[in-house]
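Right, one structure below, let's go through it.
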Amino acid sequence: MPVSSRFPPEFHPELWALQTSALGLRAPTVAGGANAALERAGRAVVIPPQGPLGQPIGGVLKRAMDLAIGVIAIALLAPVMLIVAALIRLTMGGPVVFAQRRIGFEGSVFTCYKFRTMIPNAEEALERHLAADPSAAQEWRETHKLRHDPRISCLGHILRKSSLDELPQLFNVLRGDMSIVGPRPVVPAEIVCYGAYARECLKARPGLTGFWQVSGRNTVSYARRVALDRYYVRSWSVWLDVWVLIKTIPAVLSSQNTA
């Protein structure tokens, strides 16, 4: 079953315009905003059923790079991961690793691992916060993120600002669920926000880092995230991955781009 192409007339040109803005070009705007168009278009989206899997973007070469970088990174960062795990256990108790279902290559669902950064009863805390703060509720609807998230613990803020919470995803890379560089890994409820472009963005394995990471991360609109993912899938090369990896270092060190 194909992804539905029923979306508002302004949705398609807006996403194309946002894609050109990812390259530093001037992008026109449309009435209502791209985020609203994304939300409306998402209602008509049907994710295609899983069938025989083809080759992800980059094929064998990209997979070999993922394995090489993943093994080296785990070997070098193992002491850091052990320290982080101990700190989580001591300060928050409970499980050290947070597992969540994410959408992978060609719509497959996999379990994504991160160090736990949230307090117990996090979902209840989120519901109370959104009910009490209309601006936060609007921010959540538009981006599925919050600049001031009440669920995140003090240690969790440090882990997120340093991106240390994402280190367990290196094991997702080794398993073949993810790539070192790729589109954003999204939760099942979030994929509808990609509208008619979901299928295109799912041609690649989701990445530990990617264009969204080096282009403002949590400071960019959702429509721009989709445009960046599309640009990456359409323009992939080894050198593009190398460029993203190099740009990731200053992006991670810049606290204004992290959550």
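The values are calculated or read from the model by the stated rules, or taken from the named source; none is laboratory data. Treat the numbers as computed from the prediction; the structure is a model and nothing was measured. Glycine also receives a Cβ, built like all others from the backbone with ideal geometry; neighbour counts cover every protein chain displayed.
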Legend entry - Filtered residues of the range 215-259 (kept if among the aromatic types (Phe, Trp, Tyr) and either loosely packed, with under 12 Cβ neighbours inside 10 Å or at pLDDT 90 or above (or both)): Tyr231, Tyr232, Trp236, Trp239, Trp243
Inset, instruction - Assess whether Arg160 counts as being of a type in the set (Lys, Arg), farther than 30 Å from Ala131 by Cα and touching a helix residue (DSSP H, G or I) at 6+ places or on another chain (Cβ under 9 Å). - result: no
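To keep it simple, each residue is scored yes or no on (1) of a type in the set (S, T, N, Q); (2) surrounded by 14 or more Cβ atoms within 10 Å (Cβ to Cβ).
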| position | (1), (2) |
| --- | --- |
| Ala78 | no, no |
| Val84 | no, yes |
| Ile119 | no, yes |
| Ser153 | yes, yes |
| His157 | no, yes |
| Leu164 | no, yes |
Inset, instruction - Any chance you could count how many residues in the range 126-151 are surrounded by fewer than 17 Cβ atoms within 10 Å (Cβ to Cβ) and over 17 Å from the mean Cα position of the chain (by Cα)? - result: 11
Inset, instruction - Scan Gly70, Gly59, Gly42, Gly54 and give me the residue that is modelled with pLDDT of 50 or more and under 20 Å from the mean Cα position of the chain (by Cα). - result: Gly70
Inset, instruction - Taking Trp212 as the residue in question, decide whether it is aromatic (Phe, Trp, Tyr), surrounded by fewer than 16 Cβ atoms within 10 Å (Cβ to Cβ), without any contact (Cβ under 8 Å) to a residue 40 or more places away in the chain and outside any loop (DSSP other than H, G, I, E, B). - result: no
Inset, instruction - Give the range 229-255 a look and list any residue that's farther than 28 Å from Arg199 by Cα, free of Cβ contacts under 8 Å to residues at least 12 places away in the same chain and polar (S, T, N, Q), or say none. - result: Ser254
Inset, instruction - Go through the residues of the range 101-111 one by one and say whether even a single one is surrounded by 16 or more Cβ atoms within 10 Å (Cβ to Cβ) and basic (Lys, Arg). - result: yes
Inset, instruction - Check off (1) of a type outside the set (A, V, I, L, M, F, W, C); (2) exposed (fewer than 13 other Cβ atoms within 10 Å of the Cβ); (3) over 22 Å from the mean Cα position of the chain (by Cα) for Glu123 and give me the number that stays unchecked. - result: (3)
Inset, instruction - Answer yes or no as to whether Arg199 is more than 30 Å from Pro95 (Cβ to Cβ), charged (D, E, K, R) and modelled with pLDDT under 95. - result: yes
